[in-house]
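Written below as structure tokens is the structure these notes are about.
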Amino acid sequence: MNMQKMMSSRIGLLVGMLGFVLSASGPAFAHCDTMDGPVVKDAHAALEKGDVTGVLKWVSKASEDEIRQMFAKTLVVRAKGPEAKELADLYFFETLVRLHRAGEGFAYTGLKPAGTPVAPPVAKADEAMAKGSVDELTKKIAAAVEAGIRERFAAAAEAAKHKDESVEAGRKFVAAYVQFVHYVEGVHETVMRHGAHHGEPAAETGKQEPQDKPATPVHEHAH
């Protein structure tokens, strides 16, 4: 595995971990289907250069011909004037993002406007890529996960001291115990799910799992 793949795999793992840690804060927002996302940014640059090469990485081999054909048509139409250029560019962006999302196993729900909120894990991952270092991100995630485990363990351990005093106390212990176990289980599943490089079989399951797929919230695990 070359350095680029190693970094991509590590970033994917960290995004999954941070997504799990922050899953209780709300639904994850899409990233690549926004007007100021990396897919559209590369599409802008490709159209200005007149070279499709820069966007082909965002689609699968099976979609490459469609993008090449659409790109060629877009160049012809956008030369007919400002309004034609705007419409042609937008249609190309939408096609590119749709095919990219399909390649990841996600449905296309439209191209979001610039300024659309980005999920904290994705923002942190992009920040790490921009800095060229993942050190700060790993420290923050490790600290957050450790704090989450310790907090739930402490609650379960304290409740265990009184679990036989009454039915109510027993139920309080069970609730704390379930939260602790589910949190640990969720962290483990997230690590295993995102341990594979994008497009490679995920560990244990053997299935292909999109790296930017939101992690399952703790409360959705069945004990």
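Of note:
- Single residue of Ala24, Ala43, Ala30 found to be outside any helix (DSSP H, G or I) and either of a type in the set (A, V, I, L, M) or modelled with pLDDT of 90 or more (or both): Ala30
- Boolean, Phe173 is crowded, with 16+ Cβ neighbours inside 10 Å, free of Cβ contacts under 8 Å to residues at least 24 places away in the same chain and among the aromatic types (Phe, Trp, Tyr): yes
- Looking across segment 125-149, the residues that are more than 30 Å from Val178 (Cα to Cα) and buried (at least 16 other Cβ atoms within 10 Å of the Cβ) come down to Ala125, Asp126, Ala128, Val134.
- Contacts under 7 angstrom Cβ, first residue in segment 59-70 being closer than 20 Å to Asp89 by Cβ and touching a residue at least 12 places away in the same chain (Cβ under 8 Å), partner among the aromatic types (Phe, Trp, Tyr) and part of a helix (DSSP H, G or I), 6 or more apart: Met70/Phe92
- Residue in segment 132-144 that is within 22 Å of Lys57 (Cβ to Cβ) and without any contact (Cβ under 8 Å) to a residue 40 or more places away in the chain present: yes
The values are calculated or read from the model by the stated rules, or taken from the named source; none is laboratory data. Because the structure is predicted, anything quoted here is derived from the model rather than measured. Quick reminder, even Gly has a Cβ in these numbers, built from the backbone with ideal geometry, and neighbours come from all protein chains shown.
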